[in-house]
Amino acid sequence: MKRELRLAILVAAILMTAFILTVAVTEKSNMNSIREYYSTQQLQKTADSNISLPAPSKDAYEFEANKVTVWIISILWGMAVPAFFLFSGLSARLRKWIDSKTSSFIISAALFFLIYSVYSFLLNLPLDFYSGFIRLHSFGLSNQTFAKWVSDSLISAGISTLIGTIIVWVPYLVIRKSPKRWWLYIGLLSIPAMTFMMYISPLYIDPLFNKYIPLKNKTLETEIYQLLDKTTIGNCQIYGIEKSVDTKQMNAYMTGMFGSKRIVLWDTTMNNLDDKEVLTIVAHEMGHYALGHIWKGILLGGLLTIIGLFIVNKVSLWIIAKSGGTFGFTKLGDIASLPLLFLVFNLVMFAANPIINGVSRYQEHQADTYALELTKDNYSFSSSMIKLHQTSLSLPNPGPVYEFWVYDHPTLKERVDFAASYKPWEKNKPLEFREYIK
Ligand SMILES: [Zn+2]
């Protein structure tokens with residue numbers, strides 16, 4: 001390994017340590033200021049005198065600290081797993097062994113991916129089990145049985161391993177045929193791939209985890225379709241999903257494209273909120289469709305993939321050039337470079353998180369605006385937000401660094417404050433999204 005590479009690793013380690021310390025300090029001071037605020041009063045005043053944010057429970061503080069810690073560990077672990085495979089020479093040895101068994105490029109790439117996926121799955125298992133099962137039960141957030149957790153984990157790892165094993169030769173073939181431009185071609189290919197996945201997910205993948213169920217509350221169903229008629233969305237199905245087998249938390253989401261378009265309500269949401277509150281949540285999801293967030297997300301995702309892979313290419317080539325042969329391969333087109341690509345990709349994604357989440361927060365705010373304009377029910381909007389956050393043990397707001405890096409939605413406090421003041425219809429001002437509301 002050459003001096004430049006050792007130096008780069010040292011600088012990265014110092015930057016990461018500084019980052020972790022900053023997160024720790026800002027989180028602590030944020031929690032202290034929230035505690036201090038509530039020590040004088042039970043409720044946090046919002047701009048609307050009708051609605052206040054109740055004091056977070058003791059569990060909410062603990063869960064927040066736990067979330068941040070697990071987040072940091074998962075970032076470091078996400079880099080350590082491919083780094084170990086790479087720096088220990090395991091990657092080159094595995095490729096050599098596979099090469100002694102087969103001369104087919106496609107089979108050897110598939111076999112390498114399959115074995116690497118099993119290695120990565122096993123090493124990630126303890127953290128996944130802790131974060132996805134143990135701690136959710138210990139905070140009383142989960143209803144999931146151990147058997148369901150195992151089957152969900154195996155199904156999701158199975159799907160991604162299967163897809164990766166089948167297609168991994170494609171990027172490697174493109175890297176070999178066009179070492180200078182592969183990042184562009186793969187980035188462009190990611191757009192139809194994401195569109196295809198978005199179309200088939202609700203039809204074939206989501207039902208493997210949870211059952212879609214028709215809405216039992218027929219009055220609510222009628223009200224939802226009446227609300228849908230007021231939008232410009234057109235054909236869109238409304239489903240419930242049996243999430244109560246997994247969680248006590250509440251949520252809703254929109255998924256699918258073209259004929260598979262649907263808004264999906266967790267049954268926990270319908271069981272715990274009143275109809276008016278559910279309608280404001282559905283209106284928010286309708287906002288995502290009306291404002292074209294799915295196709296915008298895919299186009300932006302494609303653009304970010306192109307830029308991201310461009311950087312991955314540059315950085316990976318530099319690392320290989322400065323590795324001095326430590327890894328046992330000298331070309332990016334060698335399948336043994338897979339852990340290197342994953343490692344650099346994880347680094348780039350970590351750096352890009354604030355951009356991706358910033359865009360998401362912007363779109364979520366637009367969907368909130370749309371929901372308020374469509375329902376004009378600011379009170380139910382805020383009360384549903386408060387209940388959703390309470391059952392998820394969220395604080396009104398996190399520390400600034402964690403928010404900037406991780407939050408893909410505005411904070412609870414921002415959303416409730418916004419709902420308290422945003423009433424253009426009372427001031428005879430035009431609605432921001434009037435063209436998307438009939
Ligand atoms: Zn949303």
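Just so you know, all these numbers are worked out from the coordinates, no wet-lab data involved. Predicted, not measured: the structure shown is a model, and the values here were computed from it. No Cβ is skipped: glycine too gets one built from the backbone with ideal geometry, and neighbour counts run over all protein chains shown.
Observations
- The phi-based Karplus calculation (6.51 cos²θ - 1.76 cosθ + 1.60; θ = phi - 60°) puts the 3J(HN,Hα) values of the range 15-24 at 4, 5, 4, 4, 4, 4, 4, 4, 4, 4 Hz, whole numbers, x for Gly and Pro.
- Projecting the Cα atoms of PHE63, ALA24, ILE306 onto the charge dipole of the chain, computed from C-beta unit charges around the Cα centre, puts ILE306 farthest toward the positive end.
- Charge dipole (the chain, unit charges on Cβ, about Cα centre) - positive-most of PHE350, ALA147, ALA92: ALA92
- Cα Rg, Dmax (largest Cα-Cα span) when computed across the range 55-132, Å: 18.3, 64
- For the chain, a simple Cβ point-charge model (Lys and Arg +1, Asp and Glu -1, everything else neutral) yields a dipole of about 1660 debye relative to the Cα centre.
- Amide H contacts for ASN251 (H built 1.01 Å from N in the peptide plane; partners 5 or more residues away or on another chain; cut-off under 5 Å): TRP266, THR269.
- Computed E for ALA321/THR222 - FRET, C-beta separation, R0 45 angstrom, nearest 0.05: 0.10
- DSSP beta bridges confined to the range 180-304 are antiparallel in about 55 percent of cases.
- Expressed as a whole percent, the proportion of Cα-Cα pairs in the range 17-104 lying more than 18 Å apart is 66%.
- If you take the alpha carbon atoms of the range 174-235 and fit the smallest convex hull around them, that volume is 124 Å³ per residue.
- Taking amide H as placed 1.01 Å from N in the peptide plane, the amide H of THR231 sits under 5 Å from that of LYS438, each at least 5 places away or on another chain.
- Cβ-defined net charge surrounding ILE9, 14 Å radius [Lys, Arg +1; Asp, Glu -1]: +3
- Projecting the Cα positions of THR219, TRP182, GLY158 onto the charge dipole of the range 92-232 (unit charges on Cβ atoms of Lys, Arg, Asp and Glu, taken about the Cα centre) puts TRP182 furthest along the positive direction.
- Long-range HN-HN contacts of GLN237 with modeled amide H, under 5 Å: ARG262, ILE263
- Note on the chain: with a GNM built from Cα contacts shorter than 10 Å, the maximum mean-square fluctuation among ALA147, ALA193, ALA419 falls on ALA147.
- Extension gain (nm, one decimal) between GLU62 and ALA351, 0.36 nm per residue minus Cα-Cα: 101.3 nm
- Taking other C-beta atoms within 10 angstrom as a stand-in for reagent exposure, ILE200, ILE34 fall in the order ILE200, ILE34, fewest first.
- Each DSSP beta bridge with both residues in the chain is either parallel or antiparallel, and the antiparallel ones are about 70%.
- Dipole magnitude (debye, nearest 20) for the range 21-110, charges at Cβ of Lys, Arg, Asp, Glu: 540
- The range 335-438, dipole about Cα centre (Lys/Arg Cβ +1, Asp/Glu Cβ -1), debye to the nearest 20: 200
- Taking each residue as 0.36 nm, the span from LEU154 to ARG176 lengthens on full extension beyond its C-alpha to C-alpha distance by 4.6 nm.
- Rel. contact order, % - alpha carbon contacts under 8 angstrom, at least six apart, the chain: 25
- Relative compactness, the range 255-317, computed as alpha-carbon Rg over 2.2 N^0.38 Å: 1.67
- Here the average projected area of the convex hull drawn through the C-alpha atoms of the chain stands at 22.6 nm².
- Degrees between helix 105-129 axis and first principal axis of the chain (Cα, 0 to 90, nearest 10): 50
- Comparing ARG361, ARG262, ARG93 in a Gaussian network model of the chain where C-alpha atoms under 10 Å apart are linked, the largest mean-square fluctuation is found at ARG93.
- Rounded to the nearest Hz, the phi-derived 3J(HN,Hα) couplings of the range 176-185 under the Karplus curve 6.51 cos²θ - 1.76 cosθ + 1.60 (θ = phi - 60°) are 5, 6, 9, x, 8, 10, 4, 4, 5, 5, where x marks glycine and proline.
- The stretch between LYS230 and LYS101 holds 40.2 nm of extra length on full extension. This uses 0.36 nm per residue minus the Cα-Cα distance.
- Considering helices alone, the calculated mean residue ellipticity of the chain at 222 nm is -22500 deg cm²/dmol, with DSSP H runs of length four and up weighted by -39500 (n - 2.57) and normalised per residue.
- Each residue of the range 356-369 was assigned a 3J(HN,Hα) from its phi angle through the Karplus expression (A = 6.51, B = -1.76, C = 1.60, θ = phi - 60°), giving 4, 6, x, 4, 4, 4, 4, 5, 5, 5, 4, 5, 4, 4 Hz with x at Gly and Pro.
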